[in-house]
Structures are given as structure tokens and as C-alpha cells.
Amino acid sequence: MPQATFHIWRGDAQGGEFKAYKTEISEGMVVLDAVHEIQATQANDLAVRWNCKAGKCGSCSAEINGKPRLMCMTRLETLPTEAPITITPIKSFPIIRDLVTDVSWNYTVNQRIPKFKPKPPEADGTWRMSQEEVDRVQEFRKCIECFLCQNVCHVLRDHDMKSEFGGPRFMIRVASLEMHPLDTENRLPMLKNELGIGLCNITKCCTEVCPEHINITDNGIIPLKERVVDEYYDPLGKLIRRITGG
Amino acid sequence: MQGYETHEYDVLVIGAGGAGLRAAIEASAAGVTVGLVCKSLLGKAHTVMAEGGVAAALANVDDRDNWRVHFADTMRGGQYVNNWRMAELHAKEAPSRVRELEAWGAVFDRTRDGRILQRNFGGHRYPRLAHVGDRTGLEMIRTLQDHGIHQGIKVHMECAVIRLLKDGERIAGAFGYSRERGRFVLFKAKAIVLATGGIGKAYKITSNSWEYTGDGHSLAYHAGADLMDMEFVQFHPTGMVWPPSVRGILVTEGVRGEGGVLRNSEGKRFMFGDIPENYRSQTADNEEEGWRYTQGDKNARRPPELLTRDHVARCILREVREGRGSPHGGVFLDIAWIKERIPNGEEHIKRKLPSMYHQFKELGGVDITKEPMEVGPTTHYMMGGVRVDGDTQMSTVPGLFACGECAAGLHGANRLGGNSLSDLLVFGKRAGEFAAQYAREKGAAEVNEDEIQATARWALEPFERSGGEGPYQVQHDLQDMMQDLVGIVRREEEMVRALDGLRNLWDRTRHVRVEGNREYNPGWHTAMDLHNLLTVSEAIARGAIERKESRGAQFRDDYPEKDARFGQVNIIIRKQPDGGMQVEQDPVRPMRDELKQVIEEMK
């Protein structure tokens, strides 16, 4: 069987280095298979997160040859195996060990977003929504929280502005609530002040890496930016909307 | 003396999939303090992978549906060894639990008149599964997660429990470690809910992730709780078979619900050739009728592809063994053919089954809108588990509750698709409610420091050993053995060999050595998980030997028929005082007359 070489970053918060591992590869293998093979036979303590191995849970995010990907959905056939394949942990979050990073900040952001607040149900205690209405938010609800978008976002990755900016994942989370046909909560003040939507300069890096192909920028962030602008920077329009109830 | 951090809760929930989250939400709503422990990050538990839908007799698509039909379907699917009280509560309460999710923000697919849409699934008489394309589990877990985080529940992510602690007979706490830092953690708790899921990692070919090592089953067993029905392991008929690295990954039953058909290498729809007697009156006898059923014709009967999972899995295995399989040892599952019947078929398939399209395209290089998939059976679900009271979900250990996959009873000998997601909601809620009640009534208990220290020393032993092998080889050998000797088709002498093999694997496990340090060390975690895997594997083998008949998921080559005597009993597994595993037959409780009548009416 052919072999391939993997340069896997090993270390912890204090520092680390690439270690080289050689392993046999076979048809259909994904990067995560190779990492597991190495873990089982050469490095039992190699730290890596994974769960579903089918692109549904978003646990195994890493940078493969410098590109942010899910390891379970990256087939070796799509990579040049003559040269070593490098695997590094995602960069925007602190290292715990090897390929595992501390993503707990994301959970604290989510906690701060006001929860779903539905309008009253109809007389029979249930709600009616059309498929067209729900299609729009279902796109955002596909998110598997792999945090690859958080990893590539310049505001988080290069400027580390985690205290001022929530990142694309949580713009999409807010979009899934704000555009929910039943929701009545207003999250625009939070979007502007706490989540810092104005800091996004729509370079669309997040959209490019989304394994669920969510149009994060075009369908989520831009419409939210427009709502914030209407609310805060268009006083006349706001007055008219208040009067007309629009 | 090993150090540890201590947390104290009224109710501790172990496991944060659908069942654990629902239990934690209910307990916290009852006003008690709640801790929630999860082995992975929050929101990554196995529920996230559920595809097809959640079964509830909402009657939105077919108004003939109601709890009675759902109850009878569940009992028939389980071959009548189910805990009928659980089947009754489940059928009655599932609709409210699903509507409640909508009130918490879940967005299900809709009917034309704007209500929750329901789809066909195996063993369900009417379209019953509320769904979101083929990512229903993600929608459910995210809804529960986003609701739960505002309830004041304290979540301990990436934390594993290795022992339950008792005070006399009753539960008192749990001891474990944080995966990230490798530090020990003590949880003092008045009541504990186990919601740890299944056991799939005992087998080589499985749809389950690394987490499914039977932790709850094993923790409960070693704490003295009864296990039940451990011989009933569900092999889902349709897992991916090619390429080798994806073998076992689930292909949702929803493919067949949407009109997908199974064919052998001769192009024949082989399921028509083997329809069990008790399903004959409900099953189509020609292809045309089967197609009409999948398209919502209320006068048509369901195609045989939608028979129960145990039966479909065995038929596939038979085709492969008799030389009519696909090139890589499965059979063909074809959804592309519906293009002959539906305009815009390609778009229709992508809309109804988006993640299947994606999964085959990316991992298998197969476009399911154009060509058939290759599929074969994969270890999927554990019907057996902790024996619980049907109403409260309390185990035979006071203060210890169990819900979801790690509890036994609802599904009997075979689970219907869609009944697991509704199980999580209905019995997660009940477990949380009654655990909170127990905690309030009984107050605090004492933990034993010596037991804690002994557990900590045991956990660290693998670091201190020299020589010995790593944990992964032992795990792989166990998986190979269980697949070969206690798999879909079982024989007494093979299972006796498996028990010998398990003795040998126990011995190797006691000598396993791990390298590195305690911080995020998967080798160390696997070394500890082995104890759980070996415990449940032994329980499966012993239960399967005891049940000398074929029923539901248990197929015995040496006893190929159903035996009415075994239809009256559940197999109970219990730890003896000397540490040995005791196996016992326990009579199924007599069913209430009113429920018997429901089953009669639905025949």
C-alpha cells in the first residue's frame, strides 16, 4: 500500500513543534483516518477531537496544509501526497494540547444572546408557518458549530477582538433568531453594542470555509447590518416605521 | 492521596445528548440545582447525528393516527417484550414533547397548511416522523442546548465519570476526571440521571462515535443496578460500505421513506420475497402500491423496504451471503430511480435528503441523484440497558435514574426508527422530573473518601505500568471479536468462545500501559473506557446465550424460530457479590386489559 507522511503539530500552551509520522493510505481515506491510525499505532496520546466522522458534529476542525477544514471530510485523494501533509490546530483559540484548542469562549458568547421568544400560538396551541418562511432560517440552523468561520475571521484571528466582536458564528445564530417567523425579541442593540457587527468588513472569508455552505455574509450578516443601520442611523425611517407599525 | 475538585448538586445528569439535556432542563425547571456532565463539547453528542425524524402521533399528515396506533406499532416492532407502560406513556406524551420543542425555537419542515410535516418510516403505520430534512437530530440538540443554557444548569464539558458512589443502598455521587486537564472531579449529588447513550464501540462496524462505550450501562451495573435486554443490539440495515474508511456510517431510513428501494446484484427488489406473517396485511405486495404509499396514498400499504430494521438487516445479509450482493459486500439502495416518477427529481432528492447527498458525494464519490448507493448493516443502537420504572425512570438503585438509549424497556426486541428521538424527550423529561422530586424528598447523602482514593489510584495505574501494550490494540481485538462472534447471526458455541475471549481481553486490559501525561490524553481515556466496553460486551454475550430463540434484533442460527416461552420474559443481568455476572429470566408484567385490547384492534 502507498504511504504518506504527516507533519502534525504537537505541543501545548507553552509551545510545540511538528512531528513527522508515516502511515499507509488506502482508497477513500480522510485525514481523520490517518490521524486515528497514527494515534492507534505510533502516538497513543495524540490529542484530537472528533465524534461523528461524517461532517455532522463539527468537532474535528483543523488546518490542513494551511487550509481550515474538517478532518473527517477531507479525502487524501484531494491532497498532494508526494509531499508531507501538515496538520495544525485552528489558530484563533488557545491551544490545550496538540490539535485540541480551547473553544469555550464561543459558549460564553452564545450564553449572552437573548433566547427565543415566540409570539402567542393560535387557538389550538400550535403555530402555522409556511415552508418558504422556514427555509430562510433553516439555512442558518444548519450550522454545526465547527468554529471554522471564527477561526478565519480577521477580527478574531488577526486582531483578537474577542471582547468586542462575537464572530460570524454568532451573527448567524442571531440571524436564525431574528429571522425566525415566530420570534418577538429585539436583539439589534446587542448586535450593535455587544456583538460588534460593525467590525465585520464583509471579506467573506467565513462563507468560504463553511462546510455547511451557509451564505454567512450575504444571507446573514449583510441583512443584519441593514437592520442595525435602519434602527440606529436612519431616525426618520425609524419614526415612520414606528407610526406605521412597519 | 490524590487531589480532586468537588461540586455539589441536587441532581447530576451524566450525558448531554437529547435525553440528558431534556432531563437537565426539567430538573432545573423544578427548582433544584443541576450539574450536567458531557464527555465531549456541548452539542456534539450522538443526538446530533440522528437524521430521519422524531416519531409522534401528531396526525398532521394522516388524521387516522393517534397514540393507540403508535403504541401498537411500538409493541409489534419490539415483539411484545417491551415495557408496555413505557410504550404507552411514550405514545401518549410524544406529541406534546415535540410541540414543546417548537415553542423553544425548533423549526421543523412544514405541511402545505403550515403545520409540522411528518414522513414515513419503517414499522410506523402512518407518516409519523416530524423532521428537518435529514438533520433532525441537529435541530433537536441545538434547540435543547440553546434553551438549556438559560436555565442555570452548570455544564461540565469534556468530563467523564468512572464510578458511581453510594451511601448504603442509595446513590450519593459520581467520581470522574476532566479530559482537558486530566484532573479528578467529585460530584456529590442527591440524585443522578444516566443519559450516556449506547455501546456501538464494542463492534467493528458501527455508526457510533468514540463516545459510545457503554459508560452508563457499566456504571449502573457496577453500582448494583439491574441491566435488562442486553442481547438486543440493533444492526441498522443501511450503513455505508465503501470506501473502507467510511464503513458503518449511517444512511438514513428516510431514503426508503422517500421512495428509495433495495435491489440485489440481479436488479431484483428482494424484500418482496420475505414478508413476515405479522406484517403481511400491512405490507404492499407489488411495486406500484409501495410507490403510492411513499407518495402519501392513504389506501396503499407500505413497501417491504419499510419493514422493521431487524428484518431488513437480515434480508440484506442473506443476499450478500448467497452471492447476490454489490461489489463491496452490500446491496444497492436506489433513490435516483424516483426521477422516472417525479418532475425535478434531482432537486427533490437534494431537498429531502441534503446531508445524504453531501455525505455520499464527499466521502463516497457517489451522486445519489444519479446512481445507487451501496449499503449494508451497521451496529447502531442498544435496545437493552438499565432496568427502570416505567413512570419515574428510576433504576433498582434508589436515586439512580436512567433515560434515553442507556435505559431499557421502551423498544423491546427491536426499536422503530424515529422512536429514539421521541424516547429522549419523553423519558428525559420524566427522569429529570422524578430525579428532582427524589432529591427534594431524600436530601443529601455521604460519599466515602476511601472509595474515591481507590478509584483515583485505579485510574492512574496504566501510567505506572512498564511493558504491556497500548489500549487501542485491545479495543480493536474486542471489536473484531464481537463483530464475528456476537453479531447479527449468533450461535451458542461462538458466543461461548466470545466469553473465553473476553476473559483474555480483561487480562490484557489489566496490563495496558499508557504513555504521555494526563492532559487531554486519548490513550488514557481509552484505557479506562475498555472496562466499560468489556462489561457491556459480556452482558450482551451472556444475555444472548440465555435467550435461546430468535426475536427482533436477536437472531440465533441454532434457534431460528420464536419461542413463546421467551416471549414472556426479559433477561436480567446483575452483578453478584463475588463480582461475577448473574443472568436471570424475569417474567414480563401482565398488560392492562385496555392496552391488550388496543393491540388486538390494531392487528
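The values are calculated or read from the model by the stated rules, or taken from the named source; none is laboratory data. Predicted model, so just to flag it, every value in this text is computed and none were measured. Because the Cβ atoms are built from the backbone with ideal geometry, glycine has one as well, and the counts that use them run over all protein chains shown.
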Filter region A:118-160 for residues that are assigned to a loop (DSSP other than H, G, I, E, B), more than 9 Å from chain B (Cβ to nearest Cβ) and either in contact with a strand residue (DSSP E or B) (Cβ under 9 Å, 6 or more places away or on another chain) or under 14 Å from residue A:170 (Cα atoms) (or both) and give the result.
-> A:119, A:146, A:147, A:153
Would you check which residues across region B:415-454 are of a type in the set (S, T, N, Q) and over 30 Å from residue B:233 (Cα atoms) and list them?
-> B:437, B:448, B:453
Listed residues B:173, B:254, B:214, B:197; which is buried (at least 24 other Cβ atoms within 10 Å of the Cβ) and at pLDDT below 95?
-> B:254
Going through (1) surrounded by 24 or more Cβ atoms within 10 Å (Cβ to Cβ); (2) not charged (D, E, K, R); (3) not in a strand (DSSP E or B) one by one, residue B:242 fails only at (1)
So which residues in region B:339-371 are part of a helix (DSSP H, G or I) and over 29 Å from the mean Cα position of the chain (by Cα)?
-> B:339, B:340, B:345, B:346, B:347, B:348
Per the filter on region B:101-124, residues under 15 Å from residue B:421 (Cα atoms), facing chain A (nearest Cβ under 9 Å) and not in a loop (DSSP other than H, G, I, E, B) are B:102
Considering every residue within region A:65-83, establish whether at least one is in contact with a strand residue (DSSP E or B) (Cβ under 9 Å, 6 or more places away or on another chain), of a type in the set (Gly, Ala, Ser) and surrounded by 23 or more Cβ atoms within 10 Å (Cβ to Cβ).
-> no
Those residues that are surrounded by fewer than 24 Cβ atoms within 10 Å (Cβ to Cβ), touching a Lys or Arg at 6+ places or on another chain (Cβ under 8 Å) and either in a loop (DSSP other than H, G, I, E, B) or small (Gly, Ala, Ser) (or both), I need them from region B:257-267; list them, please.
-> B:258, B:264, B:265, B:266
Residues satisfying the stated conditions in region B:455-483, i.e. assigned to a helix (DSSP H, G or I), away from chain A (no Cβ under 14 Å) and surrounded by fewer than 14 Cβ atoms within 10 Å (Cβ to Cβ) | B:457, B:458, B:464
So which of B:88, B:5 ends up being within 28 Å of residue B:598 (Cβ to Cβ), in contact (Cβ under 8 Å) with a residue 40 or more places away in the chain and among the charged types (D, E, K, R)?
-> B:88
Exactly one condition in (1) within 18 Å of the chain's Cα centre (by Cα); (2) buried (at least 21 other Cβ atoms within 10 Å of the Cβ) is not met by residue A:87; state its number.
-> (1)
If you check residue A:163 against the conditions, is it assigned to a loop (DSSP other than H, G, I, E, B), among the polar types (S, T, N, Q) and within 13 Å of the chain's Cα centre (by Cα)?
-> no
Could you list all residues from region B:14-31 that are more than 14 Å from every other protein chain (Cβ to nearest Cβ) and over 21 Å from residue B:100 (Cα atoms)?
-> B:14
Taking the condition out of contact with any Ser or Thr (no Cβ under 8 Å at 6 or more places or on another chain) and over 25 Å from residue B:313 (Cβ atoms), does residue B:176 pass?
-> yes
Give the number of residues within region B:507-539 that are within 24 Å of the chain's Cα centre (by Cα) and either charged (D, E, K, R) or not in a helix (DSSP H, G or I) (or both).
-> 2
Take region B:135-151 and flag every residue that is more than 17 Å from residue B:23 (Cα to Cα) and more than 10 Å from chain A (Cβ to nearest Cβ).
-> B:136
Return yes or no: is residue B:176 among the small types (Gly, Ala, Ser), out of contact with any His (no Cβ under 8 Å at 6 or more places or on another chain) and within 14 Å of chain A (Cβ to nearest Cβ)?
-> no
By my count, strands (runs of 3 or more DSSP E) wholly in region A:1-110 with at least 2 residues that are over 27 Å from residue B:38 (Cβ atoms) and more than 10 Å from chain B (Cβ to nearest Cβ) are A:3-12, A:15-24, A:85-88
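Residue-wise test of (1) among the charged types (D, E, K, R); (2) surrounded by fewer than 24 Cβ atoms within 10 Å (Cβ to Cβ).
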residue	(1), (2)
B:286	no, yes
B:292	yes, yes
B:295	no, yes
B:304	no, no
B:318	yes, yes
B:355	no, yes
B:362	yes, yes
B:372	no, yes
B:377	no, no
Scan region B:306-338 for residues that are over 22 Å from residue B:561 (Cβ atoms), assigned to a helix (DSSP H, G or I) and without any contact (Cβ under 8 Å) to a residue 60 or more places away in the chain and jot them down.
-> B:320, B:336
Out of the residues in region B:484-515 that are of a type in the set (Gly, Ala, Ser) and closer than 29 Å to residue B:458 by Cβ, which is nearest to the other protein chains (Cβ to nearest Cβ)?
-> B:501
Is it fair to say residue A:242 is among the basic types (Lys, Arg) and surrounded by 19 or more Cβ atoms within 10 Å (Cβ to Cβ)?
-> no
Within the set of pairs 6 or more residues apart or between chains, which connect a residue that is more than 18 Å from residue B:248 (Cα to Cα) inside region B:466-488 to a residue that is charged (D, E, K, R) and surrounded by fewer than 14 Cβ atoms within 10 Å (Cβ to Cβ) with Cβ atoms less than 8 Å apart?
-> B:470/B:515
Tell me, please, whether a residue that is small (Gly, Ala, Ser) and in contact with a strand residue (DSSP E or B) (Cβ under 9 Å, 6 or more places away or on another chain) can be found in region B:293-315.
-> yes
Please state which one of B:542, B:589 is of a type in the set (Lys, Arg) and part of a loop (DSSP other than H, G, I, E, B).
-> B:589
Considering residues of region B:152-169 that are part of a loop (DSSP other than H, G, I, E, B) and more than 10 Å from chain A (Cβ to nearest Cβ) only, the residue nearest to the chain's Cα centre (by Cα) | B:153
